[in-house]
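Written below as structure tokens is the structure these notes are about.
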Amino acid sequence: QVQLVESGGGLVQPGGSLRLSCAASGSTFSINVMGWYRQAPGKQRELVATRASNFFTKYADSVKGRFTISGDNAKNTVDLQMNNLKPEDTDVYYCYRNERGRTYWGQGTQVTVSS
């Protein structure tokens, strides 16, 4: 079993920055993918950014050039640096980890972009 603990998030003005962090613990496997989804009430969960243990990264078109995903394979962590935030980035952000055919989720952290 793998547990994910998220930190970061909060309230920020448009154009501001936030950093989300996620740490995995438990029976982790070295080959994995970690990343972030986001979801607004009544909407489908949307992939924001993903990072594989082989360093491959992928971003949603809506965040390219503004968000940067990074991580530490040895520490089983993944971070999401979010710059130039927009009101439409307001959502609950969920960390996920995929390994050995299973997907694990964090509890979610609220990001609100508002003046």
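General remarks:
- If only residues of the range 15-39 that are open to solvent by 40 Å² or more (accessible area, probe 1.4 Å) and polar (S, T, N, Q) are counted, the one that is nearest to ASN83 (Cα to Cα) is SER17.
- Residue within the range 59-70 that is open to solvent by less than 50 Å² (accessible area, probe 1.4 Å) and closer than 22 Å to VAL2 by Cα present: yes
- Within the range 1-14, tally of residues that are surrounded by 18 or more Cβ atoms within 10 Å (Cβ to Cβ) and touching a Gly at 6+ places or on another chain (Cβ under 6 Å): 3
- You will find that of GLU46, GLU99, the residue that is closer than 24 Å to VAL2 by Cα, open to solvent by 60 Å² or more (accessible area, probe 1.4 Å) and of a type in the set (Asp, Glu) is GLU46 and no other.
- Single residue of the range 71-94 satisfying the filter (of a type in the set (D, E, K, R) and exposed (fewer than 15 other Cβ atoms within 10 Å of the Cβ)) that is nearest to ALA24 (Cα to Cα): LYS75
- Flag set for SER53, criterion: at pLDDT below 95, farther than 18 Å from GLY108 by Cβ and open to solvent by less than 50 Å² (accessible area, probe 1.4 Å).
- Long-range neighbours under 8 Å by Cβ, at least six apart or interchain, first residue without any contact (Cβ under 8 Å) to a residue 12 or more places away in the chain within the range 100-115, second among the basic types (Lys, Arg): THR103/ARG97
- Positions within the range 61-115 being among the hydrophobic types (A, V, I, L, M, F, W, C) and within 15 Å of the chain's Cα centre (by Cα), in sequence order: VAL63, PHE67, ILE69, VAL78, LEU80, MET82, LEU85, VAL92, CYS95, TRP105, VAL111
The values are calculated or read from the model by the stated rules, or taken from the named source; none is laboratory data. Everything numeric here is computed off the predicted structure, so don't read it as measured data. Ideal geometry is used to build each Cβ from the backbone, glycine not excepted, and the neighbour counts take in all protein chains shown. Note: accessible area is taken over every heavy atom of the protein model, side chains too, but ligands, DNA and RNA are not part of it. Shrake-Rupley method; radii C 1.70, N 1.55, O 1.52, S 1.80 Å.
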